[in-house]
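Read through the structure below, which is laid out as structure tokens, and then see the notes.
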Amino acid sequence: MKKFRMKLPPYIVVLLALGALCGIAAVVFNALKFNGVLTVPVTILLVLLIVLALVLTALCAGVLLYPYYVVGKGKLFSRMGLLRTSYDVNDITELIYYKSHGKLVMYTNTDKFIVLLLAESKHEDFIRALREENPKILYDNKINETD
């Protein structure tokens, strides 16, 4: 199985970092509200808010710190922290690199397309790994969508 780290756009990195920081701030803020004279409903609410903030932090930090693709066993796996998806390599029909946008797009036989978040320097190895699993995958370079 071959692993390829995703290259997230800078604005996504900033948004994820802000989300993780907001989650941490919410945990601290709500934890500081705990004192010995809270009613049961207020305590339950604070615990729920802390759990929700921890989930937000885990989602944002996971996507920020550990995003990658794995090719192997007839599948393409996408893992972004706690978020995971998989695609059957035999369903992939075509990969197109649009030079004007700097995007590698994967098309499937179910009329879906997925924009792959990879550094351009990793495209060749990624395409080779996919073609080892399914040699029928077509690859093309285009300047733009009308090319």
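Nothing in this text is a laboratory measurement; each read-out follows from the coordinates by a stated rule. Note that the structure is predicted; figures quoted are calculated from it, not measured. Backbone-built Cβ (ideal geometry, glycine too); neighbour counts: all protein chains shown.
Things to note:
- Members of the stretch 77-120 found to be aromatic (Phe, Trp, Tyr) and surrounded by fewer than 17 Cβ atoms within 10 Å (Cβ to Cβ), listed by number: PHE77, PHE113
- Filter pass, VAL71 being surrounded by 14 or more Cβ atoms within 10 Å (Cβ to Cβ), under 30 Å from ILE24 (Cβ atoms) and among the β-branched types (Val, Ile, Thr): no
- Of all residues in the stretch 80-104, those satisfying the criterion of being farther than 17 Å from ASN141 by Cα, part of a strand (DSSP E or B) and touching a residue at least 24 places away in the same chain (Cβ under 8 Å) are MET80, LEU83, TYR87.
- Residue in the stretch 8-35 that is farthest from LYS103 (Cα to Cα), counting only those that are in a helix (DSSP H, G or I) and not hydrophobic (A, V, I, L, M, F, W, C): ASN30
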